[in-house]
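Written below as structure tokens is the structure these notes are about.
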Amino acid sequence: MGTLTKNKIAYDIADVKVSMLGIDDIYAESIEYEIKREHQANYGTGTREPRSYSMGKDEYSSTIEINMIDVVAIQNAHKGKRMIDIEPFPIVCQYNPSVEGSLSPMVTDIIIAKFTNSGRSVSDMNSKKSFELFVLHISENE
């Protein structure tokens with residue numbers, strides 16, 4: 001069982017559908033993504049307390065852990081390219097954020113990213129590989 005972590009809130013991966021690079025339902029052991037925005041306090045002349053604030057640029061971060069079967073499928077679909085050689089692509093994450101006893105509509109987030117590492121991870125059971133992503137944009141609730 002895996003997890004989706006969005007802005008430090010974890011969801012059970014069983015309730016999450018991840019699609020990317022032509023594969024509709026990637027088995028992602030985990031996916032995490034976050035948006036941070038720079039903030040700065042603005043002070044008036046001779047004041048110790050901030051009078052206002054200003055905001056700067058957004059910073060995005062994301063990691064994904066994928067089953068090796070899906071890693072090979074992605075590479076085969078891209079003519080054997082290494083993961084780091086694949087151009088930026090959308091990752092669609094759909095999940096239901098409801099808690100037990102309540103109903104919520106499905107949420108769809110779209111992450112535009114590319115892999116920053118490539119490689120293999122092989123073991124006897126449940127082989128998977130963790131990838132850091134270079135994120136260009138995150139759209140929430142699309």
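What follows is calculated from the coordinates using simple rules that are stated; it is not laboratory data. Here the structure is a predicted model, which is why all the values come from computation and not from measurement. Because the Cβ atoms are built from the backbone with ideal geometry, glycine has one as well, and the counts that use them run over all protein chains shown.
With the gyration tensor restricted to C-alpha atoms of the stretch 3-139, the semi-axes of the equivalent ellipsoid amount to 34, 20, 13 Å, longest first. If you take the charge dipole of the chain about its Cα centre, with +1 on Lys and Arg Cβ and -1 on Asp and Glu Cβ, which of Phe134, Val72, Pro105 is farthest toward its positive end? Comparing the listed Cα positions along the dipole, Phe134 ranks first. Placing +1 on the Cβ of every Lys and Arg and -1 on the Cβ of every Asp and Glu, with nothing else charged, gives the chain a dipole about its Cα centre of roughly 520 debye.
Separation of the stretch 119-142 from the stretch 44-61 is 34 Å, based on Cα centroids. Given R0 = 30 Å, the distance between the Cβ atoms of Phe89 and Tyr53 translates into a calculated FRET efficiency of 0.30.
In this structure, Met68 and His39 have a Cβ-Cβ separation that, at R0 = 35 Å, corresponds to a calculated FRET efficiency of about 0.30. Considering only Asp109, Asp70, Asp58, the mean-square fluctuation computed in a Gaussian network model of the chain, springs between alpha carbons under 10 angstrom, is largest for Asp58. For the chain, adding -39500 (n - 2.57) for each run of n ≥ 4 DSSP H residues and dividing by the number of residues yields -2000 deg cm²/dmol at 222 nm. In summary, the lysines within cross-link reach of Lys129, defined as a Cα separation below 25 angstrom excluding same-chain residues under 8 places away, comprise Lys6, Lys8, Lys17, Lys79, Lys81, Lys114. I need the calculated FRET efficiency for the pair Ala77 and Ser127, taking r as the beta carbon distance and R₀ as 25 Å, to the nearest 0.05. Computed FRET efficiency for Ala77 and Ser127 comes out at 0.85.
May I ask for the angle, rounded to the nearest 10°, between helix 68-77 and the longest principal axis of the chain, with both axes built from Cα atoms and the value confined to 0 to 90°? Approximately 90 degrees, to the nearest 10.
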